[in-house]
1. Taking A365 as the residue in question, decide whether it is within 11 Å of the ligand (Cβ to nearest atom), over 24 Å from A391 (Cβ atoms), in contact with a Gly (Cβ under 8 Å, 6 or more places away or on another chain) and touching a residue at least 12 places away in the same chain (Cβ under 8 Å).
2. Of all residues in segment 30-51, which are more than 16 Å from the ligand (Cβ to nearest atom), in contact (Cβ under 8 Å) with a residue 24 or more places away in the chain, of a type outside the set (D, E) and in a helix (DSSP H, G or I)?
3. Going by what's in this entry, would Y111 be described as more than 22 Å from D66 (Cβ to Cβ), aromatic (F, W, Y) and without any contact (Cβ under 8 Å) to a residue 60 or more places away in the chain?
4. Hey, any hits in segment 215-224 for a residue that's farther than 21 Å from A79 by Cβ, over 19 Å from the mean Cα position of the chain (by Cα) and part of a loop (DSSP other than H, G, I, E, B)?
5. Any residue in segment 339-360 that is away from the ligand (no atom under 11 Å from the Cβ), over 24 Å from A146 (Cα atoms), touching a residue at least 12 places away in the same chain (Cβ under 8 Å) and surrounded by fewer than 17 Cβ atoms within 10 Å (Cβ to Cβ)?
6. Check segment 165-182 and report whether any residue there is surrounded by fewer than 22 Cβ atoms within 10 Å (Cβ to Cβ), at pLDDT 95 or above and either closer than 21 Å to D17 by Cβ or within 16 Å of the ligand (Cβ to nearest atom) (or both).
7. Collect the residues in segment 53-92 that are part of a helix (DSSP H, G or I), out of contact with any Gly (no Cβ under 9 Å at 6 or more places or on another chain) and over 29 Å from G384 (Cα atoms), keeping them in residue-number order.
8. Taking the condition within 16 Å of the ligand (Cβ to nearest atom) and touching a residue at least 12 places away in the same chain (Cβ under 8 Å), does L298 pass?
Amino acid sequence: MTTERRLRLPGIAFGGDYNPEQWPEEVWAEDMALMREAGVTMVSVGIFSWALLEPSEGVHDFARTDRILDLLHGNGIAADLATPTAAPPAWFFKAHPDALPVDRDGRTLSYGSRQTFCPSSPAYRTAALRIAGALAERYADHPAVAMWHVHNEYGCHNAECFCDTSAAAFRRWLKTKYGNDLNALNHAWGTSFWSQWYYDWEEIIPPRATGADPNPTHRLDWRRFCSDELLSLYTTERDVLRRAAPDLPVTTNFMVMHNFDALDYWRWAPELDIVSNDHYLRSTDPQSETDIALCGDLVRSLAGGRPWLLMEHSTGAVNWQPVNRAKGPGEMRRNALAHVAHGADGIAYFQWRAAKAGAEQWHSAMLPHAGTDSRIWQEVVRLGADLRALAEVRGSTSPARVAVVWDWNARWALEMPCQPSGELRFQDLVRDWYTPLWKAGVAVDFVRPDAPDLDRYQLVLVPSLYLVDEGGAAGLAAFVEGGGTLAVGFHSGAVDENCHVRLGGYPGAFREILGVHGDEPFPLLPGESVGLAGQVPQDATADLWTEHIRLTGAEAVAAYADGPLAGVPAITRHAYGSGTAWYVATHPAPTTLAAVLGRVREEAGVRPEREVPAGVEVVRRRGTGADYLFLIDHTGRGAEIPADGVELLTGKPVVGSVTLPAGGVAVVREPVAGPGGE
Ligand code: GAL
């Protein structure tokens, strides 16, 4: 049995979801010819094909899949073979209606779409393992199969089911967590409040719709349970596949993208042989390139710094937003190569051929409805060539000296009802801090709060960590004591892992290292802002949040210039142990925050990868014998950037500087840089 299962494909993988079962077989030959023209090397097959693979319970029809896999193999294209368990067939629900999910309001949802099943249903689990096992047995040794793709986007549509079966599974999970001790649960949940004390495990139910606000710890444990419950579905399928094919890597596609927060991917990632991710742009996001970078860095970090695969994104418009914006010329290329810059060793799309029928008929694809006589197709072919030119980048990593703390528990807790402000969104707060670093060309890793190896970094940023346990708080304190620079955002450290407030002053867990004492939050109303004065740019402002703190060792870097807290410190700096800890007790406007974090970073001795003009993204991947400097122009004007080496996309030598075309990308192979990238 191998311990390390890698994707054994040369270069950067290129492809997409391939659904030939939706087309007459005459079309397949054209698919193969065009895939070869575009340089496709791997496609994901069978993701939603359960109803065709198993026409009735226990009866399998693999003839079509045999032909598809043989055809792919004959054309030198690898298959990422999916288990189809995200879309149980209608016959399954006719036989097992109790496997349908129930929403928070008690409504049983119907089949007729996808991802509509109860994750705790024994009948679903049995059926899922049966089809996964049959696929594994039949195709473990098929030469086309390079990887297993388990299910699809766990939790995308059915992260929570509130039925009685789920309730029983929740109780089992709680019994394990609390060692069968109901009193321990009562204390953790604070159930002496509002007469919520439980005398019998059977009294505990999921946080279904109720008249008033939910118990935050009940809700938090529920979210942890839901993530773990889906994870157990993944691992049981994975184990079936592994038994049949011990050497094949197994993945499932994550959804590290804006607004999806159902799963604690720190717990999931170690269970995957290769981490893969889906990422879609929001039409309303004016700076979606930042989202690509942030999510790419987070996925790379989930993968332990190793390369990952972009399993899905779009060549153009999606079909599930109120208005689905098409991508402009060159945007798809910038998007794809940005994912590579942030660590992707594979670029894939939903989907290969645009659907004619079904709910996704208006979703873009690699091969549009218009066929090859289309801008998208031309860009797809060009991208295939680009990825071939970047083959040697495969396997390279990204050295970073800044870590940003990211935690799903803190995210869930922060966004619970009844906070001092309902306006706080974890990912927005993190992105606010990430953006100036990204703009400055500073490489960033994401870490969990209790990461054991923080001393690898010079600077650790904690934009938002409302909830933190003792281990996380102690690790961050040790980092500062040991000489590191830490910056902490407002309303952090406020509660423990049970969502209980840390008493004695805010920001609870970090009071001592930050050298401040807070006694009252003063959140601002939407549209309200306050001025900041001190060592910040003129006219500095902040919005969203202020709080009353006093200094207990820290110095004030800035104070409120007006508003209810005029004169109160807003940004502080504290020498602690051999290091420095900053507190940003408010939500500064972007330019103010950029200035503050710029100073924090300079004091910590962290330099950009390369000085580049505003609007040019710069990212370094480090190979064994070379560095790869990715330059992406988001200005539309292009630039001349100092560099020496070879520009891989054109194959041209670079002497002194490289020309970055307007809206274009350059990737320069350079000699390996010294520590820190200079
Ligand atoms: C993803 C999903 C794909 C497809 C795509 C459309 O969430 O995995 O199957 O539906 O969205 O954008």
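The values are calculated or read from the model by the stated rules, or taken from the named source; none is laboratory data. All of these numbers come straight from a predicted model, not from anything done at the bench. Cβ atoms come from the backbone with ideal geometry, glycine included; neighbour counts cover every protein chain shown.
1. yes
2. Across segment 30-51, the qualifying residues are M32, L34, M35, R36, A38.
3. Criteria met by Y111.
4. Within segment 215-224, the first condition is being farther than 21 Å from A79 by Cβ, and the residues that meet it are 215-224.
Applying the additional criterion that residues be over 19 Å from the mean Cα position of the chain (by Cα) yields 215-222.
Those still in the list that are part of a loop (DSSP other than H, G, I, E, B) too: 215.
Yes, segment 215-224 contains at least one residue that is farther than 21 Å from A79 by Cβ, over 19 Å from the mean Cα position of the chain (by Cα) and part of a loop (DSSP other than H, G, I, E, B).
5. yes
6. No: zero hits.
7. Within segment 53-92, A63, W91, F92 meet the criteria.
8. no
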